[in-house]
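Notes for the one structure printed next.
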Amino acid sequence: MARILLTGGAGFIGSHTAVVLLERGYDVVLLDDFSNAARDVPARLQRITGVGVPLIEADIRDEAAMAAALAAFPVDAVIHFAAKKAVAESEADPLLYYDSNIVGTVRLLAAMRRAGVGRIVFSSSATVYGEPDECPIDEQAALRVTNVYGRTKLVMEGMITDLVRTRTLKAAAVLRYFNPVGAHPSGLIGEDPTGVPANLMPYLCQVAEGKRPYLNVFGDDYPTHDGSGVRDFIHVMDLAEAHEAALRRVLGTDGDFTVNLGTGTGYSVLDMIGAFEGATGVKVPYKIAPRRPGDVAACYADPARAATLLGWRATRGIEDMCRDAWRWQSKIALTNHGP
Ligand SMILES: NC(=O)c1ccc[n+]([C@@H]2O[C@H](COP(=O)([O-])OP(=O)(O)OC[C@H]3O[C@@H](n4cnc5c(N)ncnc54)[C@H](O)[C@@H]3O)[C@@H](O)[C@H]2O)c1
């Protein structure tokens with residue numbers, strides 16, 4: 001079975017993808033600098049899967065460390081999750097994002113070339129579409145980034161597809177994620193951002209837990225069914241399974257492809273609050289706040305290309321997303337704050 005290196009493998013999406021790969025018999029090597037991940041994630045992965053996972057603690061910007069990692073663990077492909085991902089932080093410190101995301105990816109790709117690793121799956125984002133002309137958004141839609149984080153994703157997409165075109169890489173998958181939420185059903189891994197959560201679901205869970213007094217709903221005057229912003233929330237386990245499908249294609253077929261990973265259904269922030277309360281029985285106080293600059297009214301995927309190319313479709317619903325996120329959050333609350 002193939003051996004795969006997961007950069008950022010201790011993070012939210014990386015750890016869930018590791019579970020799916022391990023359960024499907026792949027050899028997995030994790031690489032992470034733990035700038036946004038808990039150190040016990042590898043142990044938790046072992047509890048879930050029964051398999052011990054090698055871990056390399058390194059920064060992707062350290063090309064010598066990347067070369068050493070690939071020499072110690074020859075791999076068939078890399079799934080490249082490692083990145084900084086907070087839009088507001090990227091606007092406050094663009095150079096940090098250019099360095100961490102773009103320079104980091106250049107160093108990783110250089111180390112891969114030296115080691116003769118020619119296959120990569122790359123974490124991109126629906127943020128590259130900016131304010132779409134219409135929804136659902138397919139992969140041919142105009143790319144018009146509205147923030148520094150999105151710019152770094154677009155640059156990295158271009159670098160990777162250039163490297164396939166110039167045959168520096170053999171194969172690449174560019175995966176444009178919509179809004180990943182939820183957690184593994186064991187409640188042993190999930191999203192645990194350091195500091196104030198920038199994304200809806202972890203913030204909502206922290207309000208439900210009583211750690212924060214209320215949720216801000218940014219804007220109730222968008223042209224959507226209830227005025228709040230509409231997004232394509234996708235369960236992280238569905239997303240993890242999509243990575244395995246993309247990986248199979250990248251291992252077996254030369255060339256590159258770009259696919260949206262979403263459910264194709266848009267839910268508003270207020271829908272999400274209602275679904276969370278329904279699925280968990282926990283009330284979520286919220287207040288309407290002004291729109292945030294750069295937020296779009298609605299953003300949801302046309303997932304048809306992923307279905308055709310990869311034979312993958314999301315299967316989990318909004319209740320699963322809420323229930324699993326809450327199970328995880330309740331366990332963190334116990335671990336961090338005592339029973
Ligand atoms: N979560 C989302 O909403 C979302 C949406 C679209 C795209 N993405 C992209 O998916 C990828 C994974 O996102 P996530 O939600 O799992 O984020 P995450 O922060 O949980 O995971 C990223 C991991 O990379 C590590 N990391 C960061 N910089 C590093 C560096 N320089 N060297 C080594 N490790 C480093 C972090 O410690 C973390 O474990 C990112 O590239 C992100 O931009 C995420």
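What the table below lists for this structure:
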{"item": "Candidate set: segment 187-218, residues that are near the ligand (Cβ under 10 Å from one of its atoms) and more than 15 Å from ILE332 (Cα to Cα); chosen: the one modelled with the highest pLDDT", "result": "LEU200"}
{"item": "Enumeration of residues in segment 284-305 that are free of Cβ contacts under 8 Å to residues at least 24 places away in the same chain and touching a helix residue (DSSP H, G or I) at 6+ places or on another chain (Cβ under 7 Å)", "result": "none"}
{"item": "From GLY219, GLY255, GLY150, residue being under 15 Å from the mean Cα position of the chain (by Cα) and touching a residue at least 24 places away in the same chain (Cβ under 8 Å)", "result": "GLY150"}
{"item": "Subset tally (residues that are among the aliphatic types (A, V, I, L, M) and outside any helix (DSSP H, G or I)) for segment 192-230", "result": "5"}
{"item": "Failed item in (1) more than 14 Å from the ligand (Cβ to nearest atom); (2) surrounded by 15 or more Cβ atoms within 10 Å (Cβ to Cβ), with ILE137 passing the rest", "result": "(1)"}
{"item": "Single condition VAL259 does not satisfy, out of (1) buried (at least 17 other Cβ atoms within 10 Å of the Cβ); (2) under 30 Å from ALA92 (Cβ atoms); (3) touching a strand residue (DSSP E or B) at 6+ places or on another chain (Cβ under 7 Å)", "result": "(2)"}
{"item": "Scan of segment 164-204 for residues that are in contact (Cβ under 8 Å) with a residue 40 or more places away in the chain, aromatic (Phe, Trp, Tyr) and open to solvent by 20 Å² or more (accessible area, probe 1.4 Å), ordered by number", "result": "none"}
{"item": "So GLU91, is it surrounded by fewer than 18 Cβ atoms within 10 Å (Cβ to Cβ), of a type outside the set (Lys, Arg), more than 8 Å from the ligand (Cβ to nearest atom) and modelled with pLDDT under 95", "result": "yes"}
{"item": "Residue match in segment 92-105 (condition: small (Gly, Ala, Ser), in contact (Cβ under 8 Å) with a residue 60 or more places away in the chain and farther than 20 Å from THR168 by Cα)", "result": "no"}
{"item": "Per-region count, segment 117-134, residues within 11 Å of the ligand (Cβ to nearest atom) and either under 24 Å from TYR267 (Cβ atoms) or out of contact with any strand residue (DSSP E or B) (no Cβ under 7 Å at 6 or more places or on another chain) (or both)", "result": "6"}
{"item": "Some residue of segment 73-84 being in the same structural domain as PHE178 (by TED's automatic domain parsing), more than 20 Å from the chain's Cα centre (by Cα), open to solvent by less than 50 Å² (accessible area, probe 1.4 Å) and under 21 Å from ALA171 (Cβ atoms)", "result": "yes"}
{"item": "Filter result (assigned by TED's automatic domain parsing to the domain that holds ALA173 and more than 19 Å from TYR129 (Cβ to Cβ)) within segment 247-274", "result": "LEU247, ARG248, ARG249, VAL250, LEU251, GLY252, THR253, ASP254, GLY255"}
{"item": "Single residue of segment 312-333 satisfying the filter (open to solvent by less than 20 Å² (accessible area, probe 1.4 Å) and of a type outside the set (A, V, I, L, M, F, W, C)) that is modelled with the lowest pLDDT", "result": "GLN329"}
{"item": "Among (1) without any contact (Cβ under 8 Å) to a residue 60 or more places away in the chain; (2) of a type in the set (Val, Ile, Thr); (3) within 13 Å of the ligand (Cβ to nearest atom), the one test that VAL78 misses", "result": "(1)"}
{"item": "Selection from segment 1-56 of residues that are open to solvent by 10 Å² or more (accessible area, probe 1.4 Å), within 9 Å of the ligand (Cβ to nearest atom) and polar (S, T, N, Q)", "result": "SER35, ASN36"}
{"item": "Qualifying positions in segment 111-128 - open to solvent by less than 30 Å² (accessible area, probe 1.4 Å) and more than 16 Å from the chain's Cα centre (by Cα)", "result": "ALA111, MET112, VAL117, GLY118"}
{"item": "Sole residue being surrounded by fewer than 23 Cβ atoms within 10 Å (Cβ to Cβ), in contact with a Cys (Cβ under 9 Å, 6 or more places away or on another chain) and farther than 30 Å from LEU5 by Cβ, chosen from THR280, THR265", "result": "THR280"}
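The values are calculated or read from the model by the stated rules, or taken from the named source; none is laboratory data. Nothing here was measured: the structure is a model prediction, and the numbers come from that model. Cβ coordinates were reconstructed from backbone atoms using ideal geometry, including for glycine residues, and neighbour counts include every protein chain displayed. Heads up: the accessible areas ignore ligands, DNA and RNA and are worked out on the full protein's heavy atoms, side chains in. Shrake-Rupley method; radii C 1.70, N 1.55, O 1.52, S 1.80 Å.
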